Amino acid sequence: MSQLLLQNRKIVLGITGGIAAYKACELCRKLIKNGADVRVVMTEAATKLVTPNTFAALSHHEVLTDIFDSAEGIDHIGITKDADLYVIAPATANTLAKMVAGMADNAVTTSVLASACPVVVAPAMNTRMLINEATKDNLKTLQSRGIFIIAPEEGDLACGDSGMGRMRNVDDIFSYICALLNEHIALPYDPTKFTALPAPQEPIAITQTKLLPKSHGAGLKIVVTAGPTEESIDPARVITNKSSGKMGYALAQMAATMGADVTLISGPTNLATPNNVKRIDVTTASQMLDAVKSQMGQADIFIGCAAVADYRLIEPMNTKLKKEEHGEFLTLQLVKNEDIISYVGHLDEGRPFTVGFAAETDNFQKNAEDKIQRKKLDLIIVNNVADREIGFNSNDNAASVYSPKGIVTEFGKMSKIKLADLLMELIISQYKEAHSTKA
Ligand code: PMT
């Protein structure tokens, strides 16, 4: 397959002063071979390890090494303009610390501080430097700001030691970059597991992963429910539905990226907890209700994205149901579960701005209007679950948003993470508007 994975992508490659700088030559070559337009920026220390001429020859562009110079008329600010990604490989402990402090004292630190695109760093250093609390804290801080970290690996180090801290190999870094630019999410970086290369998982709205955190949601406490619930029939069987949790997890992730304090109340899913999100796991609808109740009084916004079972067995069986005992037909007696979002919407005290979802197959507007009135919601987001390419379990979704006054907006088919980004912007704006009217 000779597909150019990075066609039309503009990547800034920052190189700092680690021995692994020589591996950046191969990385640069591979990025270019796959269609990327690569602009190289080097610290002075890096130029002592590999000459800028090597990178100029590989990238077909002049290399920026000084904040007072420009390469082809492009300076340290201009070089990241229109960039899709800024990759720093190798990233030394010194550069990581400077990034945390917001320092701008060389071509790499200045240009990365001025960049608005997503940033990936591939740390490389001696093991003791890596496990030093200062470096660990710096990596955590950078990650909390939305910077992607390609965890280093174990192996022989430049200092002669062997251990953790070697820059990830070029193929791994290249795959990671491709995954990011082709809109896949990376697993959270775990400083206790340096060997784990965060694997591409779910789609991410790459444009929102900026160097500085978004602050739209700062100061807000947001509670999101996600996934299905499971109601026991007997010890082996459950009543559940097709919700994967992807939509709700994406909302939680985006709310956290926007600076909100997020609690995710999740039914059974296979998804990893998004960064900076507190997660409460539940199984049944009544456990979800209890978990939601425990959060009320503190929440500013409640988003009910979970597909909650409407009914449960009056009495689940203690032993496995035997078909020999029931013959051709089996009747199960079900009782209605309390409606969680309706409980929240009707709260007299401490009622949060309440946003529901509706999984519908027809009569979208009418059903949305009914639910918004009945459950006393501020907004409802309607999904067409008859379309198998969106809604339950897919990576994409589309939505129509209604308020008690009627249609607010419609979003066409896109990845759930992109939709979550747009929805969170909208929900927080509507919350703020409602709040300023009340005040
Ligand atoms: O999880 P994914 O695979 O990503 O799929 C996402 C989704 C399709 C599940 C999601 O986008 C969605 O539409 N969630 C709501 C599904 C649903 O239960 O819709 P509903 O029309 O039955 O319920 C309406 C609202 O009432 C929902 O906010 C629901 O959370 C809430 N509800 C329902 C029953 C109940 N007992 N308590 C509730 O709070």
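The values are calculated or read from the model by the stated rules, or taken from the named source; none is laboratory data. This one's a predicted model, so the numbers in the text were calculated from it and none came from an experiment. Every residue, glycine as well, gets a Cβ built from its backbone with ideal geometry; the counts of neighbours run over all protein chains shown. When the accessible area is computed, the model is the full protein with side chains, heavy atoms only, and any ligands, DNA or RNA have been set aside. Shrake-Rupley method; radii C 1.70, N 1.55, O 1.52, S 1.80 Å.
For every residue, the table says whether it meets (1) buried (at least 22 other Cβ atoms within 10 Å of the Cβ); (2) away from the ligand (no atom under 13 Å from the Cβ); (3) in a helix (DSSP H, G or I).
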{"position": "Thr354", "(1), (2), (3)": "yes, no, no"}
{"position": "Asp362", "(1), (2), (3)": "no, no, no"}
{"position": "Gln365", "(1), (2), (3)": "no, yes, yes"}
{"position": "Glu410", "(1), (2), (3)": "no, yes, no"}
{"position": "Leu422", "(1), (2), (3)": "no, yes, yes"}
{"position": "Tyr431", "(1), (2), (3)": "no, yes, yes"}
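Could you count how many residues in region 294-345 are within 12 Å of the ligand (Cβ to nearest atom), part of a loop (DSSP other than H, G, I, E, B) and open to solvent by 50 Å² or more (accessible area, probe 1.4 Å)? Give the derivation first.
Quick first cut of region 294-345, residues within 12 Å of the ligand (Cβ to nearest atom) only: 302-312, 335-345.
Subsequent filtering for residues that are part of a loop (DSSP other than H, G, I, E, B) retains 305-306, 308-310, 337-339.
When the remaining residues are screened for being open to solvent by 50 Å² or more (accessible area, probe 1.4 Å), the result is 310, 338-339.
Within region 294-345, residues that are within 12 Å of the ligand (Cβ to nearest atom), part of a loop (DSSP other than H, G, I, E, B) and open to solvent by 50 Å² or more (accessible area, probe 1.4 Å) number 3.
Considering each residue of region 236-248, count those that are part of a helix (DSSP H, G or I) and free of Cβ contacts under 8 Å to residues at least 40 places away in the same chain, and give that number. It would help to see each step written out before you state the result.
Narrowing region 236-248 to residues part of a helix (DSSP H, G or I): 246-248.
Keeping just the survivors that are free of Cβ contacts under 8 Å to residues at least 40 places away in the same chain gives none.
Counting residues in region 236-248 that are part of a helix (DSSP H, G or I) and free of Cβ contacts under 8 Å to residues at least 40 places away in the same chain gives 0.
Which members of region 386-403 meet the condition of being part of a loop (DSSP other than H, G, I, E, B) and either touching a strand residue (DSSP E or B) at 6+ places or on another chain (Cβ under 9 Å) or among the hydrophobic types (A, V, I, L, M, F, W, C) (or both)? Explain how you work it out, then say what you get.
The first filter runs over region 386-403 and keeps only residues part of a loop (DSSP other than H, G, I, E, B), leaving 386-389, 391-395.
Correct list: Ala386, Asp387, Glu389, Gly391, Phe392, Asn395.
Just to be sure, is Ala101 small (Gly, Ala, Ser), over 20 Å from Ile177 (Cα atoms) and modelled with pLDDT of 95 or more?
On the way: small (Gly, Ala, Ser): yes; over 20 Å from Ile177 (Cα atoms): yes; modelled with pLDDT of 95 or more: yes.
Yes: the conditions hold for Ala101.
Scan region 250-272 residue by residue and report those that are open to solvent by 10 Å² or more (accessible area, probe 1.4 Å) and within 15 Å of the ligand (Cβ to nearest atom).
The answer is Gln253, Pro268, Thr269, Asn270, Leu271, Ala272.
Yes or no: Asp370 away from the ligand (no atom under 12 Å from the Cβ) and either open to solvent by 60 Å² or more (accessible area, probe 1.4 Å) or in a loop (DSSP other than H, G, I, E, B) (or both)? Even if it seems obvious, please write down each step before you answer.
Working: away from the ligand (no atom under 12 Å from the Cβ): no; either open to solvent by 60 Å² or more (accessible area, probe 1.4 Å) or in a loop (DSSP other than H, G, I, E, B) (or both): yes.
In short, no.
Return only the number of the condition from (1) touching a Lys or Arg at 6+ places or on another chain (Cβ under 8 Å); (2) more than 9 Å from the ligand (Cβ to nearest atom); (3) open to solvent by 10 Å² or more (accessible area, probe 1.4 Å); (4) over 30 Å from Leu330 (Cα atoms) that Asp290 does not satisfy.
Checking Asp290 against (1) touching a Lys or Arg at 6+ places or on another chain (Cβ under 8 Å); (2) more than 9 Å from the ligand (Cβ to nearest atom); (3) open to solvent by 10 Å² or more (accessible area, probe 1.4 Å); (4) over 30 Å from Leu330 (Cα atoms), the one that fails is (1).
For region 396-410, what are the residues that are within 19 Å of Ala250 (Cα to Cα) and in contact with a helix residue (DSSP H, G or I) (Cβ under 6 Å, 6 or more places away or on another chain)? Quick ask: steps written out before the conclusion?
Taking region 396-410 and keeping what is within 19 Å of Ala250 (Cα to Cα), we get 396-401, 410.
Passing the criteria: only Asn397.
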